[in-house]
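Worksheet: the structure to be examined is printed underneath.
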Amino acid sequence: MSASDSFEDDLLRAMTRTGEAFPPQGPAGLAAGGLARGRRRWRRRSALATVGGAAALALVGAGAVHLTGGSPAASGPAPAASGSAPDSGAPAPGPSTAASSAPSSGPAAVSGGELLAAFRAMLPEGRVGEAEASGTDVDGRPGGGGSPGASLVLDDGRGRAVITVSVARVAENDPRRADSGCPDRKLVPYDACTTTPLPGGGALTLFQGYEQPRPRGDTKWWSARVTGKDGRLIELSEWNAPQRKGVPVSRATPPLSPEQLRAVVTDGFWDRVVAALAEPVPYGPGGAGGAYGGQEILATVAGLLPAGLKRSEADAGDSFANVVVNDGRGASLVELNVEDWSGPRHTEPFGESETTPDGTRVKVRKQPGNPVKWTAEALHPDGLRVAVSAYSSGGPNAVSTRTAPALTVEQLKAIAAGPEWKLKR
């Protein structure tokens, strides 16, 4: 099984388990919970890559607009008074006109056509094709569960490139807010990344990396991500190819510079979109948060690692952590993920597992490749799931520096099944 296949399986199981274990909180809450678990797993391998996935999901909602064929794009990324209209003939609103169009009685829904027109107006000149969008309107109700977003292919004369944007409104304790910021560079190689605070609260992250870690491919993936005190989560992604995967690159770099990415995600038009979304629902007990915080995981595993290992480059997040260890024969990355599986859950991931005397179910996977990855996954009797992986290199995308991970399979099993791990009630 490839690393990509393994991730997709983990994500599917996590989303399914999340939907069964959460108390009813509406489709948006369930989807956010599933994506949050997938996000944490994906962040360890490809960090912000779910931006593209979120944008794709945004196009599935009601009110979607689909446009095919080429049409001139509006000039940008400045506000678009001089920009061309979309194929439907609707004007392309800039920030000032969009804000003034909302009725005083409350925020108006933003249709897919309006969102697409405004988005196109923020982009550089060129021809646009394969455009689609969805707005905040569901059955004519603003904030009724819409998933606003847009996707298009822009050709500015230097090659076709796909660009996507998605908008969401998330609660203060939503795990997606915690995922803001630059990724762990030893896990996700990139060319540049910065996170800066924004006036009035919130933050902007500008990322310049790759769709897949090199040398697997040359498709560049650049993105901008904004979080705000009002709950906004705006994600913009672009690639130097007409598709994210499976096609040759069409240009040296994506069309928008980091400054242009910043201009798009901070454009005033998004204020209207965010205002039209429903108030975010806070996560309650049993939500997408993990059973352990990252620093707690690091503290616990410090007492479980074999003696004689030199530890360095530790990193931690919500319910996961990693540390590089070295036994004198080369660096070896160790990843840990700790989650509460005490609610209704699927147990098929442990269908071919062994059971320890205390009832802990343990399963081992050996993934060949460069680097080699060995994983021990334990489901404790109280429902706590602990997964520990070790690599034959200092990162999942780094070339092997040793023939096998620094931890043996038996050592990984001992760490995952250790009695020190207790579900916090």
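The values are calculated or read from the model by the stated rules, or taken from the named source; none is laboratory data. Remember, it's a predicted structure, so these values are computed and weren't measured experimentally. Glycine gets a Cβ as well: all are built from the backbone with ideal geometry, and neighbour counts include every protein chain shown. Note: accessible area is taken over every heavy atom of the protein model, side chains too, but ligands, DNA and RNA are not part of it. Shrake-Rupley method; radii C 1.70, N 1.55, O 1.52, S 1.80 Å.
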Given (1) touching a residue at least 40 places away in the same chain (Cβ under 8 Å); (2) surrounded by 22 or more Cβ atoms within 10 Å (Cβ to Cβ); (3) of a type outside the set (S, T, N, Q); (4) outside any loop (DSSP other than H, G, I, E, B), number of the condition residue 377 does not satisfy: (1)
Flagged in region 395-425 as closer than 16 Å to residue 326 by Cα, part of a loop (DSSP other than H, G, I, E, B), touching a residue at least 60 places away in the same chain (Cβ under 8 Å) and open to solvent by 20 Å² or more (accessible area, probe 1.4 Å), in numbering order, are 398, 401, 402
In region 297-347, which residues are hydroxyl-bearing (Ser, Thr, Tyr) and either free of Cβ contacts under 8 Å to residues at least 24 places away in the same chain or within 26 Å of residue 370 (Cβ to Cβ) (or both)? 312, 332
Considering every residue within region 197-208, establish whether at least one is farther than 30 Å from residue 370 by Cα, without any contact (Cβ under 8 Å) to a residue 12 or more places away in the chain, of a type outside the set (Lys, Arg) and open to solvent by 60 Å² or more (accessible area, probe 1.4 Å). yes
Region 105-129 - residue that is farther than 22 Å from residue 256 by Cα and out of contact with any Pro (no Cβ under 9 Å at 6 or more places or on another chain) and, of those, least open to solvent (accessible area, probe 1.4 Å): 111
Return the only residue of 184, 155 being acidic (Asp, Glu), at pLDDT 80 or above and within 30 Å of residue 396 (Cβ to Cβ). 184
Give the residues of region 348-363 that are buried (at least 17 other Cβ atoms within 10 Å of the Cβ) and at pLDDT 90 or above, sorted by residue number. 360, 361, 362, 363
Number of positions in region 405-424 that are within 30 Å of the chain's Cα centre (by Cα) and among the small types (Gly, Ala, Ser): 3
If only one of 321, 387, 299 is in a helix (DSSP H, G or I), under 21 Å from residue 184 (Cα atoms), modelled with pLDDT of 90 or more and of a type in the set (Gly, Ala, Ser), which one is it? 299
Could you please find all residues in region 235-280 being assigned to a loop (DSSP other than H, G, I, E, B), surrounded by fewer than 19 Cβ atoms within 10 Å (Cβ to Cβ), more than 21 Å from the chain's Cα centre (by Cα) and of a type outside the set (Asp, Glu)? 247, 248, 249, 250, 251, 252, 253, 257, 268, 278
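Consider residue 213 carefully, then state whether it is open to solvent by less than 10 Å² (accessible area, probe 1.4 Å) and part of a loop (DSSP other than H, G, I, E, B).
no
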